[in-house]
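Below you'll find the structure, written out as structure tokens, and then a few comments.
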Amino acid sequence: MVVGPKHYDLMIPGPIAVNGQVLTEMASPIVAHYGPEWAALYNDTVSLAKRVFRTSGELFIMPGSGHFGVEAGLASLVAPGDEAIIVDNGHFGHRAVELGQSHGVQVRSVTAEWGDTVTPGQVEQAIAAYPNARVVAMVQSETSTGLANPVREVAQMCREHGLIFMVDGVSSVGGMDTRVDEWGIDVCVAASQKCLEAPPGLVLVSVGDRAFDHMRSRKRPIMGWAMNLLKWKEHADAGRNTQPYYVTMAVNNVLALRKALKLVLDEGLDARFRRHRDVGQAFRDGLRKAGLEPIGRDDQASGTVGVFWVPEGYVDRDVIAYLRGVFGIQVAGGLGKWAGRVVRVGHMGTGAHVSRIVPVLYALDQWLKSTGQTPDK
């Protein structure tokens with residue numbers, strides 16, 4: 001007898017639990033990924049996504065994960081041998097460094113200790129130190145630490161210096177204030193399975209005119225097709241009303257994303273960002289009350305992911321196994337050099353509600369009591 005996976009209350013940093021209306025769209029009959037009717041629906045989904053990104057520029061919906069979009073952005077913006085400034089203060093910032101290096105990019109890292117955020121001044125110093133670098137890349141919400149980098153200030157700095165600015169907004173777009181056009185973000189990447197409240201499988205990449213001009217001016221053309229954003233632009237322009245891409249699109253994922261984006265916009269972006277911020281702060285407050293230590297300062301917190309230190313003598317698996325086994329709640333462990341040392345809790349999208357976060361705090365309190373680390377109240 002084949003037994004399927006047990007269902008837990010997903011409180012990991014993605015994928016998240018999604019609304020039943022969104023799941024219903026995933027069960028729709030398969031349709032062709034081309035033709036006027038489908039193209040109109042796809043283009044409507046793109047228009048909805050642009051409202052969330054707050055951009056009037058180009059936006060591509062691509063099959064794949066957030067990594068795919070980040071790599072597509074870096075590979076399209078920076079040629080092998082060119083310099084790029086990349087902020088490295090967490091697992092996914094470092095992953096961007098590795099992705100750039102894998103494409104032959106000379107990466108100039110701006111670093112901060114894990115558990116801290118970089119300052120605009122650090123980025124400005126790097127810009128002065130590496131005048132040949134034309135691209136700056138940064139993660140907005142670093143899910144390995146639960147902290148948010150100063151995207152708005154760095155975007156303004158890049159604009160003043162005439163540099164292209166790319167943002168990994170995979171765990172922030174839809175849950176944190178991100179204003180692509182107003183702030184001057186040239187490339188912004190998001191993924192369907194986090195704050196956009198849709199199933200995993202799609203990556204969204206917004207690209208501004210300055211970024212396209214930069215790509216066209218490269219001395220060496222972009223290699224390949226799958227991650228070539230100029231190819232995506234070429235086919236979007238040529239097939240806007242029939243097939244705005246050259247791949248087989250994940251049609252049911254697009255249908256689900258379209259419904260999820262409508263729910264996001266119905267809530268209102270400002271109200272939504274406030275909800276995430278308030279729930280994130282409530283979680284940090286609850287951790288301290290239970291006797292656990294959240295990472296970083298409150299004013300650095302992303303609002304979409306909460307990360308705390310595992311008490312001495314224990315590892316992340318101890319907490320994860322207890323919450324899964326006793327309460328049916330699934331949280332995540334540490335990444336990279338923090339593997340085993342921290343626990344990560346996603347409170348994004350459908351998880352960014354007090355009714356979802358209170359059971360996590362209660363379960364953590366019970367785990368502490370079970371280990372004798374806190375007295376019964």
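Structure values in brief
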| item | result |
| --- | --- |
| Rg ratio (alpha-carbon, reference 2.2 N^0.38 Å) - the range 19-108 | 1.44 |
| Heavy-atom SASA rank of Ser56, Ser28 (probe 1.4 Å, accessible area, largest first) | Ser56, Ser28 |
| Cα-centre dipole for the range 169-258 with unit charges at Cβ (Lys and Arg positive, Asp and Glu negative), debye to 20 | 400 |
| C-alpha long axis of helix 36-53 to longest principal axis of the chain, angle in ° | 60 |
| In sequence order, calculated HN-Hα J values of the range 179-189 (Karplus, 6.51, -1.76, 1.60; Hz; x Gly/Pro) | 10, 4, 6, 4, 7, x, 8, 7, 9, 9, 10 |
| Per-residue ³J(HN,Hα) for the range 270-285, Karplus 6.51 cos²θ - 1.76 cosθ + 1.60, θ = phi - 60°, Hz, x for Gly and Pro | 5, 5, 5, 5, 5, 4, 4, 5, 5, 5, x, 5, 4, 5, 4, 4 |
| Angle in degrees between helix 251-267 and the longest Cα principal axis of the chain, rounded to the nearest 10 | 70 |
| Apportionment of accessible area to carbon and sulfur, the chain, percent (1.4 Å) | 52 |
| 24 Å Cα-Cα threshold exceeded, pairs from Lys50/Lys194; Lys6/Lys369; Lys6/Lys50 | Lys6/Lys369; Lys6/Lys50 |
| The range 314-369 pair-distance distribution - Cα-Cα, 5 Å bins, rounded % | 5, 19, 29, 25, 16, 6, 0 |
| Bridge type composition, the chain - antiparallel percent by DSSP, nearest 5 | 55 |
| Solvent exposure of the range 54-110 as accessible area per residue, Å², 1.4 Å probe | 30 |
| Under-5 Å amide H pairs with Ser144, H placed in peptide plane, nonlocal only | His91, Phe92 |
| Exposure of Glu293 as accessible area (Å², to 10), given a probe of 1.4 Å and all protein chains | 110 |
| Square roots of 5 times each gyration tensor eigenvalue, C-alpha, the range 80-166, largest first, Å | 19, 16, 10 |
| Student exercise, the chain dipole from Lys, Arg, Asp, Glu Cβ charges, in Debye to nearest 20 | 440 |
| Under the Debye formula (equal points on every Cα, no solvent term), log10 I(q)/I(0) of the range 117-193 at q = 0.15, 0.22, 0.25 Å⁻¹ | -0.48, -0.98, -1.21 |
| Relative packing of 143-151, 109-117, which averages over residues the other C-beta atoms within 10 Å, highest first | 143-151, 109-117 |
| Selected from Gly291, Gly174, Gly66 as most flexible by GNM, with the chain as the system and alpha-carbon contacts under 10 Å | Gly291 |
| All-pairs Cα distance distribution in the range 202-276, expressed in whole percent, bin size 10 Å | 15, 35, 29, 18, 2 |
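The values are calculated or read from the model by the stated rules, or taken from the named source; none is laboratory data. The structure displayed is predicted, hence computed values, not measured ones. Because the Cβ atoms are built from the backbone with ideal geometry, glycine has one as well, and the counts that use them run over all protein chains shown. The area values use the complete protein model at the heavy-atom level, side chains included, leaving out ligands, DNA and RNA. Shrake-Rupley method; radii C 1.70, N 1.55, O 1.52, S 1.80 Å.
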